[in-house]
Amino acid sequence: MNDFYEAPFGVGHDHVFLGVGHEKNERKTWAVIVLCSAMMIAEIVGGSLFGSLALVADGLHMSTHAGAMLIAALAYTYARKHASDPKFVFGTGKLGDLAGFTSAIILAMISMLIGYEAVVRLMSPVPIHFSEAIPIAVVGLLVNIVSAWLLSGNDDHGHSHGHSHGVHADHDEHEHAEEVQHIETATGVLALSIFEDGVPPVFRINNGVPAQDITVTTVRSHGEKQIFTFIQKSGYLESTTEIPEPHGFDVIIKLPDSEHTVSFKEHDHDDHVDARDHNMRAAYVHVIADAFVSVLAIVGLVLANIYGWLWMDPVAGIVGALVIANWSYGLIRDTGAILLDMNSDEKLANKVRAKIKSAGDKLVDLHVWRLGPGHFGAVVSVVSGKVQNDPAFYHAELREIKGLSHITVEVHHQPERAA
């Protein structure tokens, strides 16, 4: 017997998988477009009036800058307006990744054009009008700095990896426990903690009880038990075996003269979810790349003007082209993986596996993919020998995992054979 259940998250089972700062990022991108467009018009008109070909050329360059921003802005606007459109089976959260991929391709083409032009000029130097070129490069740099400032302040890139799930059992350099339970005993307070700072998770006890006088037994929700013994360390006891995930269970502590029970709750202590907005990332990289090229151009032009090193300008162009190519490659790799539904968060997938394992059933198929910034989907297929573990049970278990926004569960019931 097979059960199938598509578990919705939230009322109405919507498929709105946009990033947290979507509308804010949309407004910032349009603001940069206004700035670049104003600068473009001023340079083209000013260059035409004063007969400066260099100024007109930079104005045309600024138009490509505004065009790249336009791709990002239109993606934000379209994704927001069509977020609830049923034609998009899993929402419009990936439109930003598609725009980022497109911008990355454009960046790669720009890097090739810069590199080609630089090589040509290195082989056949041309006269440089320093009095015009240097001020224009400085103005371009200022515009890019303002654009970068407008696009900055993105909350999507800040992830906390800190652990703050309880008072530490000990404050010396050895103890950084995630959670601690204090137990009153005849010999004083016993502090039992789960320690996993750079090591596999283990129990630690800081009470002075001899290792041979204590055992710890974990009892999980489905009845599975595991006994832990301890060895003496420097100032504390440590379990000889690691604690399997998840870390939600009752613990029975047996001492020579008493027995105590405490509970540990599973915490999402590694709450990092890939919430990167690749559309904003692409726009920001474009601005930073332009600013970087401007800085290189200014340095190359100044050195060429002072020392007569005309080769410095094309060399600076080659360096800039290589750096931009590297940035564009990173964007193409990351956004391409998302567009092809590659599993970009193995930790999230491992959390799903741990949940299934903790229920005592077998995971036979799992697909995890990104639906949008901070949103992941999962298709889970389980073989269960326990009839009570229906799809709704797994929905309730998996919805506790941060970042899972859409889950489809299939359960194959396999009755246990009689002995």
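Values in this text are rule-based calculations from the coordinates and carry no lab data. These figures come from a predicted structure and were not determined experimentally. Neighbour counts run over all protein chains shown; Cβ positions are idealised from the backbone, glycine included.
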*For the stretch 237-307, what number results from the quotient of the Cα radius of gyration and 2.2 N^0.38 Å?*
2.61
*Return a whole-number percent for the relative contact order of the stretch 297-358, with Cα pairs under 8 Å and 6 or more residues apart as the contact set.*
18
*Local charge sum around T187 (other residues, Cβ-Cβ under 15 Å, Lys/Arg +1, Asp/Glu -1)?*
-3
*Nitroxide proxy distance, nm - points 7 Å out along Cα→Cβ at V34 and T77*: 1.3
_Built amide H within the under 5 Å cut-off of F228, gap 5+_ = V216, T217, T218
_10 Å binning of all Cα-Cα separations within the stretch 257-383, expressed as whole percents from 0 upward_ = 10, 24, 20, 16, 13, 9, 5, 2, 1
*Just the Cα atoms of the stretch 329-389, one point each, no solvent: what log10 I(q)/I(0) does Debye give at q = 0.22, 0.30 Å⁻¹?*
-0.87, -1.25
*Projected area of the stretch 269-329, taken from the Cα convex hull and averaged over every viewing direction, in nm²?*
5.4
